[in-house]
Amino acid sequence: MSIVVYGIANCDSVKKALRSLADAGLAYSFHDFKKLGVQMPLLQGWFDQVGWEPLLNRKGTTWRQLPEAEKALAVDAGGAATLMLAKPSLIKRPVVVREGRVTVGKMDFNE
């Protein structure tokens, strides 16, 4: 079984997800997109599975601090991708890829 958790190491939601995986005895790898970045092919794959809207974190500090002109870009997948690639903190966390299936913001790994 292949599980990759994408997120930011100091994010509480990511920490909770990693703890849940460890508690369940599931092996995983972690991709810190603050340090390692996110490339468009990966982001596009997520968009293809879950859409861009669930991936755009409009509740976090990064979104609130964006100028209105930048927020206005988030009207379609292209604009959202531009924002997320420039500021990975705008990606809702955690993004979990398990056996090719993408989930966003979920902690239940016993499915």
Would you be able to say whether some residue in region 22-41 is over 13 Å from Pro94 (Cα atoms), among the β-branched types (Val, Ile, Thr) and over 13 Å from the mean Cα position of the chain (by Cα)?
no
Given the conditions (1) of a type in the set (Ser, Thr, Tyr); (2) out of contact with any Leu (no Cβ under 9 Å at 6 or more places or on another chain); (3) modelled with pLDDT of 95 or more; (4) farther than 14 Å from Tyr6 by Cβ, and given that Thr61 satisfies all but one, which numbered condition is not satisfied?
(3)
Give me the pairs: first residue in region 53-80 and touching a residue at least 40 places away in the same chain (Cβ under 8 Å), second residue assigned to a loop (DSSP other than H, G, I, E, B) and not polar (S, T, N, Q), beta-carbon distance under 7 Å, and six or more apart or on different chains, which are they?
Pro54/Lys92; Leu55/Lys92
Only unsatisfied item for Ala80, checking (1) within 12 Å of the chain's Cα centre (by Cα); (2) among the hydrophobic types (A, V, I, L, M, F, W, C); (3) at pLDDT 95 or above, is (1)
Under 9 Å by Cβ, and 6 or more places apart or on different chains, what pairs join a residue from region 21-41 that is on the phi > 0 side of the Ramachandran plot with one that is assigned to a helix (DSSP H, G or I)?
Gly37/Leu85; Gly37/Pro88
Inside region 46-94, the number of residues satisfying the requirement of being surrounded by 15 or more Cβ atoms within 10 Å (Cβ to Cβ) and acidic (Asp, Glu) is 1
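The values are calculated or read from the model by the stated rules, or taken from the named source; none is laboratory data. The structure displayed is predicted, hence computed values, not measured ones. Glycine gets a Cβ as well: all are built from the backbone with ideal geometry, and neighbour counts include every protein chain shown.
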